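Worksheet for the structure shown next.
The values are calculated or read from the model by the stated rules, or taken from the named source; none is laboratory data. As the structure is a computational prediction, the values presented were derived from the model and not from experiment. Cβ placement follows ideal geometry from the backbone for every residue including glycine, while neighbour counts extend to all protein chains displayed.
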Amino acid sequence: MPITIRPETQQDHKIIYQLNKHAFERDNEAKLVNHLRESSAFIPDLSLVAEMENQIIGHILFVKILIKNSTQHFESLALAPMAVHHDFQKQGFGARLIQEGLNRATELGFKSVIVLGYEQFYIKFGFEPAQKWGIKAPFDVPSEAFMAIELVPNALENVNGMVQYPKEFELV
């Protein structure tokens, strides 16, 4: 079935909230999306919905983050969260959202993306453990689940440090 991937509109906000709430079976991620929309980390062109027959079946969000060490900071993106309606999971719609999001992020000039997620899923897109570049999570997570991808070759070559997520991540 054909799907359209497009930036969210204000009319989509309630549907996106419900989609995230049902996909994660709690409302933390849905609240996070709402908080991030009001932050300086939000990039309207990187809050994408997947739509089929005028029904939103998926959502993905990329927001600005920093990777900081004692002397420098580097801008990157975080992929968080991504949700696909239960009826449409395991059909490739999440993969299409990720690939479209990565393409759009590259077009907008971003050089890398960080994700915390299931390793076997994200390696298909080129994500690798962030520790490869000396990039660390600000919380305790398995190293194989904290991953990064270079959107531009060698973009992370001289980047290392701790990821600093927007403060909105602490609200949920």
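Just so you know, in segment 81-94 the residues that are touching a residue at least 60 places away in the same chain (Cβ under 8 Å) and of a type in the set (A, V, I, L, M, F, W, C) include one that is surrounded by the fewest Cβ atoms within 10 Å (Cβ to Cβ), and it is Phe93. Hey, does segment 153-160 have a residue that's surrounded by 13 or more Cβ atoms within 10 Å (Cβ to Cβ), on the phi > 0 side of the Ramachandran plot and at pLDDT 95 or above? Scanning segment 153-160 turns up no residue that is surrounded by 13 or more Cβ atoms within 10 Å (Cβ to Cβ), on the phi > 0 side of the Ramachandran plot and at pLDDT 95 or above.
Being at pLDDT below 95, crowded, with 18+ Cβ neighbours inside 10 Å, within 20 Å of Ile114 (Cα to Cα) and touching a strand residue (DSSP E or B) at 6+ places or on another chain (Cβ under 7 Å) is a condition met by no residue of segment 38-52. When segment 1-24 is filtered for residues that are part of a loop (DSSP other than H, G, I, E, B) and either polar (S, T, N, Q) or closer than 16 Å to Glu38 by Cα (or both), the ones remaining, listed by number, are Glu8, Thr9. Residue pairs whose Cβ atoms lie under 8 Å apart, separated by 6 or more positions or on different chains, with the first residue in segment 30-42 and over 13 Å from Ile60 (Cα atoms) and the second charged (D, E, K, R) and in a helix (DSSP H, G or I), are His35/Glu168; Glu38/Glu168; Ser39/Lys167; Ser39/Glu168; Ala41/Glu168.
When residues in segment 107-117 are screened for being more than 19 Å from Ser39 (Cβ to Cβ) and either in contact with a helix residue (DSSP H, G or I) (Cβ under 7 Å, 6 or more places away or on another chain) or surrounded by 14 or more Cβ atoms within 10 Å (Cβ to Cβ) (or both), 3 of them pass. Restricting Phe139, Phe125 to those that are surrounded by 14 or more Cβ atoms within 10 Å (Cβ to Cβ) and either over 20 Å from Ile16 (Cα atoms) or not acidic (Asp, Glu) (or both) reduces the list to Phe125.
When segment 112-144 is filtered for residues that are in contact with a strand residue (DSSP E or B) (Cβ under 6 Å, 6 or more places away or on another chain) and either in a helix (DSSP H, G or I) or basic (Lys, Arg) (or both), the ones remaining, listed by number, are Tyr122, Ala130, Lys136, Ser143, Glu144.
Here the condition is being more than 13 Å from the chain's Cα centre (by Cα), closer than 24 Å to Phe121 by Cβ and buried (at least 20 other Cβ atoms within 10 Å of the Cβ); of Glu25, Glu8, it holds for Glu8 alone.
Scanning segment 145-154 for residues that are part of a loop (DSSP other than H, G, I, E, B) and within 18 Å of Ile60 (Cα to Cα) gives a single hit, Leu151.
Here is the figure for segment 30-65: residues that are assigned to a helix (DSSP H, G or I), more than 20 Å from Arg6 (Cα to Cα) and out of contact with any Asp or Glu (no Cβ under 8 Å at 6 or more places or on another chain) total 1. Of the numbered criteria (1) surrounded by fewer than 19 Cβ atoms within 10 Å (Cβ to Cβ); (2) under 20 Å from Val33 (Cα atoms); (3) at pLDDT below 95, the one Arg104 fails is (3).
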